[in-house]
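Before we start, here is the structure in question, set down as structure tokens.
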Amino acid sequence: MRVLAVFVCAAVTLGDAPRARVPLLQQNDPRIAAALEPIRARHRFPALGGAIVTSKGLSAMAVTGVRKAGTDVAAMPDDLWHLGSDTKAMTAAWIAKIVGGGKLTWESTIGTVMPKETADAPDAFRNITLLQLLSHRAGLVANINWREASRSAAKPREQRLAAVGIAAATKLSSVPGSKYEYSNLGYVIAATMAEHVVDRAWEDEIKATIFDPLGMKSAGFGGLGTPGQIDQPWPHGGNGTPASDNGPLVDNPEVMGPAGTVHCSLADWAKFAADQLSGLEGHGVLFDAATYKRLHTPPFGGDYAFGWLAVERPWGAGTVYTHAGSNTMNFAVVWLAPLKDFAVLVTTNQGGAEAQQGTDDAAAALIQLQLSAK
């Protein structure tokens, strides 16, 4: 079963440190573990996590393997996972909140929202709309020199303003609105526009408007774990070799946050997925039904909506929604099947092509498991 998305989270103890008791539903489900472990072993992943979700919430989950290759420190059900570009659907949801409040419209342009900051920018750049940015139709390059933007200021919000300036001085790769070109830069600029009108950083805003209402208490930003300690899944490169370091800074630069630095537990990611399912069924927590539909509808044709690819799959009885994410040291993929009222989530602490293939295999196994249980 091919599901791959093209780019487009009992008392347990870790060492001597006690850990909180994991709710029963968040413990390893033997059916999920049995489906995941052969795939993890075949692809030689350090760890592999997966969950089945319905509009009512987390149905079942499991995590197999170890936090760091070459150790026997087991990955735990309440561990955190880096979501990479699966952050984009969350960022788009936050911006939809601002649009709903009237401080932005989908047709708001970069130049109109930030006139002083873009006064010297080319008209073509200044006229790019929020809608184009969030659907990868802005004609922007995929990335800029993020380190340069990071060095410009101490705080990520200020760094993102610098990124807008760098982007304005970078030649567009196509005429805005003319074609689909996946761009992390587009999501960073869209978030900067939103930060500008609410006068608050994305990191604070997304917590207040998305994470807190959904009860996503584990959600945070950046790399995982305490530096030097194997207290969370350790990052691994595409060949399965552990990264030399771990911790909050072992990630893409903070300036890129809106495009892909969220981390959380599988159980908390499931809360976001469940709300997406509920919303598409007309009873979500975050928005009215029309807004959920808008967020899942490609505005310019094609298959990319707002942090979601909308594709047809027979197993989903029609349109399903998916996205994958990676910071090159972790990989995560989500599939929503609203017409079947379920979603699957898959995570691993390894990056690269093998991780993409293996998480695809795991997603297919969980989809089949859910369908066979109906």
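Considering the zone a paramagnetic label at SER372 would reach in this model (a point 7 Å from Cα along the Cα-to-Cβ line), which residues of segment 305-332 have amide N under 18 Å from it?
Of the residues in segment 305-332, 315-316 have backbone N under 18 Å from the label point off SER372.
Could you tell me the extents of segment 19-101's C-alpha atoms along the three principal axes, largest first, rounded to whole Å?
Cα extents, longest axis first: 49, 27, 26 Å.
Taking θ as phi - 60°, what are the ³J(HN,Hα) couplings along segment 346-358 by the Karplus curve (6.51, -1.76, 1.60), each to the nearest whole Hz, with x for Gly and Pro?
Calculated HN-Hα couplings, in order: 9, 9, 8, 9, 9, x, x, 5, 5, 5, 4, 5, x Hz.
Show me, for segment 267-278, the HN-Hα J-couplings you get by feeding each phi into the Karplus relation (A = 6.51, B = -1.76, C = 1.60, θ = phi - 60°), rounded to Hz, glycine and proline as x.
Listing the rounded values in order: 5, 6, 4, 4, 5, 5, 4, 4, 5, 5, 4, 4 Hz.
Fully extended, how many nm does the chain gain between ALA74 and ARG147 (0.36 nm per residue separation, minus their Cα-Cα distance)?
22.9 nm
Any chance you could run the full-extension gain for LEU249 through THR112? It's 0.36 nm times the residue separation minus the Cα-Cα distance, nm to one decimal. The partial results should precede the final answer.
On the way: separation 137, 0.36 × 137 = 49.32 nm, distance 3.40 nm.
Gain in length upon complete extension: 45.9 nm.
Which cross-chain or sequence-distant (5 or more) residues have an amide H under 5 Å from the amide H of PHE45, H modelled 1.01 Å from N in plane?
none
Over segment 158-306, average the accessible area per residue using a 1.4 Å probe and give it in Å², no decimals.
37 Å²
Give the residue list of trypsin sites (Lys or Arg not before Pro) in segment 30-126 that are DSSP loop and have at most 11 other beta-carbon atoms within 10 angstrom.
Qualifying residues, ordered by number: LYS56, LYS116.
When only alpha-carbon atoms are used, what values of Rg and Dmax, in angstrom, describe segment 211-343?
For segment 211-343, the Cα-based Rg and Dmax read 16.6, 47 Å.
Something else: What list of ³J(HN,Hα) values in whole Hz, one per residue of segment 95-103 in order, does the Karplus curve 6.51 cos²θ - 1.76 cosθ + 1.60 (θ = phi - 60°) give from phi, with Gly and Pro shown as x?
5, 4, 4, 5, 4, x, x, x, 7
Please enumerate, by chain and number, the lysines with C-alpha under 16 Å from the C-alpha of LYS97, excluding those fewer than 8 residues away in the same chain.
Those lysines meeting the cut-off are LYS88, LYS207, LYS293.
Share of antiparallel DSSP beta bridges in segment 231-374, in percent to the nearest 5?
Numbers: 19 of 20 bridges.
Antiparallel bridges: around 95 percent, rounded to the nearest 5.
OK, next. Return the distance in nm (one decimal) between the two label points of a simple spin-label model at VAL175 and ALA124, each offset 7 Å from Cα along Cα→Cβ.
1.0 nm
Turning to a different aspect of this structure: Ignoring ligands, DNA and RNA, what percent of the 1.4 Å accessible area of segment 144-279 is carbon and sulfur?
Percent of accessible area from carbon and sulfur atoms in segment 144-279: 51.
Per residue, how much space in cubic angstrom lies within the convex hull of the C-alpha atoms of the chain?
Details: hull volume 47.9 nm³, N = 374.
Output value, Cα hull per residue: 128 Å³.
A further question on this structure: What translational D, rounded to a whole number of µm²/s, comes out for segment 46-188 from Stokes-Einstein when the hydrodynamic radius is the Kirkwood one over Cα pairs, at 20 °C and 1.002 mPa s?
On the way: Rh = 17.8 Å.
The estimated diffusion coefficient comes to 120 µm²/s.
Ok, one more. What is the distance in Å between the Cα centroid of segment 144-214 and that of segment 292-314?
Value for the Cα centre distance between the two parts: 22 Å.
Quick check on the chain: helices-only [θ] at 222 nm, where DSSP H runs of length 4 and up contribute -39,500 (n - 2.57) each and the sum goes over total residues. Nearest 500, please.
Numbers: 13 runs with 127 residues, N = 374.
After summing the helix terms and dividing by residue count, I get -10000 deg cm²/dmol.
Another question about this same structure. Classify segment 283-374: rounded, prolate or oblate, from the alpha-carbon gyration tensor (a ≥ b ≥ c, eigenvalue square roots; a/c under 1.5 rounded; otherwise prolate if a/b is larger than b/c)?
The shape class here is oblate.
Okay, next question. Considering only protein heavy atoms, what per residue accessible area in square angstrom results for segment 307-368 with a 1.4 angstrom probe?
It amounts to 25 Å² per residue over segment 307-368.
Full-extension gain between LYS56 and GLN357, please, as 0.36 nm times their residue separation minus the C-alpha to C-alpha distance. Could you put the intermediate results ahead of the total?
Numbers: separation 301, 0.36 × 301 = 108.36 nm, distance 2.91 nm.
Gain on stretching LYS56 to GLN357: 105.5 nm.
The values are calculated or read from the model by the stated rules, or taken from the named source; none is laboratory data. A quick note: this is a predicted structure, and the numbers were derived from the prediction, not measured. Reconstructed Cβ throughout: ideal geometry from the backbone, glycine too, with neighbour counts over all protein chains shown. Note: areas computed on protein heavy atoms with side chains; ligands, DNA, RNA excluded. Shrake-Rupley method; radii C 1.70, N 1.55, O 1.52, S 1.80 Å.
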